[in-house]
Structure formats: structure tokens, C-alpha cells
Amino acid sequence: MARRSKGEGSLWKDETNNRWMGKITLPNGKRRSKSGKTKIEILDWLTDQRDKIKKGTYVVDDTATLGGFITSYMENTLKHNLRPRTYIAHWGYVKNHIIPELGKIKLEALRPEHVQSFYDKKLKSGLSPRTVQYMHSILHKTLDQAMKWGLVVRNVTELVERPKTQRKAPEILSAKQISLFLDGVKDHRYYPIYILAAYCGMRQSEIIGLRVKDVDLNRGVLHISQTVQWVRGQGFVTADVKTEKSKRMIPLPQKALDVLKEHLEGVESELVFTTASTGNPVYNNNLYRHFKDTLKELSLPDVTFHSLRHSHATLLLIAGVHPKVVQERLGHSQITTTLDIYSHTVPSLQKEAAEKFDKILEAV
């Protein structure tokens, strides 16, 4: 057996099979081997492997496909890190779009043009730029992990043009419309839920997951730390709030405090809101249907339940409440998130700032 110097790999001819063999040890201690019909073929392979090791561009597994890796990554990692509904949404995009188009490509062979062509095809099929952008985020996160694990040497999604989207101003109800809506549901059992959404800007899942022990009536505050959602195939799922910033304390406006006090007088369960017949958490779809039906009955704009949260934030900003306070009230992880979502309020705030500055100088 003819061998090369230490660290450069081994080369020999297997007389039994009449084939040339090459083997090299990677920096992580694992060995990689290859066989071929000619000596020059294996010498070229060894040279290529040595160059990759020297440049830091080798990968620990050049057989892994994108489909195999993303499936494993979703099941073994993301499933435990994402909220149940988010995971289901992620997996839907992976199963129905990413794997059918890109799944058979080896990770090492995945090129920017593969990904760019995938985005173009999906846009032409009628998917919105926002949907394709969502798939881009999934691919980017997946390939980042593959790079950390030594399966790829670069994240090709950083070399493509992702679809551009324009953030739309969130749909909101005016103060008058919110008052009209709340008057229309004041005798319904969901009334306290709507009050918390409108007066506190809470997410629906946070309201449904609110526990009696999270309510401090003496101090007039709520402690937000968990969510409850109905997930198809799993039933009601309890989870921590989205981020550490989502874990927060919300001071209650007097109206919300009064409504909550009255509601809690008849509550004997762990959760603040349950169904009367079963004692289970409130079913998202029932709440959704009632909300939509009420909007229609009152001839109000056809907005989503989440619009109550958007309305809460928008009205506070227009009233001059500092964006940092609004951020903390909503539980956004960054103030930039708050400012990006509610940038539609900026023109009116800028006008107000200009008028105030006039008064400042006039008073001198």
C-alpha cells in the first residue's frame, strides 16, 4: 500500500477489486473515503479534500439532502421551540412547497439559483410575496442550522433576492366603533374577553389562557405568562408566551378592572374564562364566529379579533402615549416592532410634534 505523508490522506490500490482507494481524516476526527478506477481520479479527490480542509469549506456529510435535513430539524428541534400553531404552519409550508421542489437536492449541492427559481415559481403560481417571504425565513433558519452543524459551508438564502412586501397598516376600529361594539355585546358571556382585548391590547390566546391567580384585583394588574389555544389534532394546548418580553404585567384601566371584578365573582375554575357547559377553555372558533357575527349585525368593518389589539395600540399612540410604554403593554420584544407595525400613526404624531414646537417657541 502506497501512502502519502501524514495529514494529506492515504492512497492505495485494492488488488482484490482492482480499484484505487483514498482516505482522509477530517478536522473533526471523522474519516472520508473514496474509490475509483484510476489513480489520478483519487489523487484529484484527495487534493480537493485537502483544499477544502485548508480553506474551511469541507462539510461533514455530503450525502444529506435538504428534504431529509429539514424534516429532521423540524421534528427534533423546531417542534420543541415553536408554539404549536406556528410549528403546524411551518410544517405545512415545508411539506407542501419546500420538500416537493427542493427536497431531493443535496445540501452541499444547493445553489442560490435553485432557491431563486423556487421563489419565482411560487410567486407565478399565485402565492403572495408575504407567503414566499415566510418560506424564505424557514429556509434561512434551516440552512443556518445546517451551517452550524458543518453540513454546508454557506447559507445560500443570503445570496438570493427575497420577495419584497409592503407592510400594510393594521385594520383598526375607531374609539367610537369600539364603544359601539362593546355596547352591543355587554350582555354576552364573551363581554369580559372583548374588554381585555380592547382595553389591554392582549392577544386572544393570552386572554383564553389567563388564570385567576394571574389577576391582582387589589393592585389592578394582570400578569401575562401563558397562552391557551385549540390546535387541530392536539386539542387545547397550553404554552408559554411568545418571548420573555411577552411575559409582562399590564395595569388595568378602571373599566376593565370593574368588569373583571364582577366576572370573577362567579368563577371557580383555574382559568378566568371557560365554557359554561364543560368548564374547558374558550374555543377559539366559537369566539371568532361570535365576533364576526356581531360586527356584521352592528354594520361595523369586517376586521379580525386581533384588530382590537391593533386598535388599542393605535389609539394610545395617537393620544400621545410613549411608544416604549405601548411596546411594554403589548409585549413586543423590540420597540422597533411596535414602531414598524404602527408606522401609520407617525404622520399624525409628526403633525402634533410640529404644532407643539410652535407653542414652545411662542411661549419664550
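Karplus-based coupling profile of region 207-214, in residue order and whole Hz: 5, 5, x, 5, 9, 4, 5, 7, with θ = phi - 60° in 6.51 cos²θ - 1.76 cosθ + 1.60 and x standing for Gly or Pro. Amide H contacts of L151 (H built 1.01 Å from N, in plane; Pro and chain starts excluded): V60 sit under 5 Å, all sequence-distant by 5 or more or on other chains. Given a 1.4 Å probe and the protein chains as shown, V237 ends up with an accessible area of around 30 Å². The 3J(HN,Hα) values that the Karplus relation (6.51, -1.76, 1.60; θ = phi - 60°) gives for region 157-164 are, in residue order, 5, 7, 10, 10, 8, 7, x, 8 Hz. Gly and Pro appear as x.
Estimated at the nearest 10 Å², the accessible area of R219 is 150 Å² with a 1.4 Å probe.
What is the helix-to-structure angle for 175-184, meaning the angle in degrees between its Cα long axis and the longest Cα principal axis of the chain, kept from 0 to 90 and rounded to the nearest 10? Long axis of 175-184 versus the principal axis of the chain: about 80 degrees. Residue order by solvent-accessible surface for H140, H332 is H140, H332, largest first, with ligands and nucleic acids left out and a 1.4 Å probe. With respect to the chain, whose longest principal axis is taken over its alpha-carbon atoms, helix 346-362 is tilted by about 60°. Shape verdict for region 210-270, please, from the Cα gyration tensor: rounded (a/c under 1.5), prolate (a/b greater than b/c) or oblate. It is oblate, given that a/c is not under 1.5 and a/b is not larger than b/c. Which lysines does K351 reach when only Cα atoms under 19 Å apart count, and residues fewer than 8 places away in its own chain are ignored? Hits, sequence-local ones excluded: K359. Looking at the chain as a GNM with Cα springs under 10 Å, which of N17, N76, N286 has the largest mean-square fluctuation? Its mean-square fluctuation being the largest, the pick is N17. About its Cα centre, the chain has a charge dipole of approximately 1780 debye under the convention of +1 per Lys or Arg Cβ and -1 per Asp or Glu Cβ, with nothing else charged. Ligands, DNA and RNA left out, the 1.4 Å accessible surface of the chain is 50% carbon and sulfur atoms.
Against the main long axis of the alpha-carbon atoms of the chain, helix 254-264 sits at an angle near 80°.
With all protein chains kept in place, the per residue accessible area of the chain amounts to 57 square angstrom at a probe of 1.4 angstrom.
Only Cα pairs under 8 Å and 6+ residues apart enter the sum, and on that basis the relative contact order of the chain stands at 13 percent.
In terms of packing, defined here as the mean over residues of other Cβ atoms within 10 angstrom, the peptides 348-358, 33-43 line up highest first as 33-43, 348-358.
Per-residue accessible area (protein heavy atoms, 1.4 Å probe) orders I172, I224 as I172, I224, starting from the largest. Among G150, G266, G233, which one moves the most in a GNM of the chain with springs linking Cα atoms closer than 10 Å? Evaluated over the chain, the most mobile residue of the options is G233.
The values are calculated or read from the model by the stated rules, or taken from the named source; none is laboratory data. Not measured: the values here are computed from a predicted model. For neighbour counting, all protein chains shown are included, and Cβ atoms are generated from backbone atoms with ideal geometry for every residue, glycine included. Heavy atoms of the whole protein, side chains included, go into the accessibility calculation; ligands, DNA and RNA do not. Shrake-Rupley method; radii C 1.70, N 1.55, O 1.52, S 1.80 Å.
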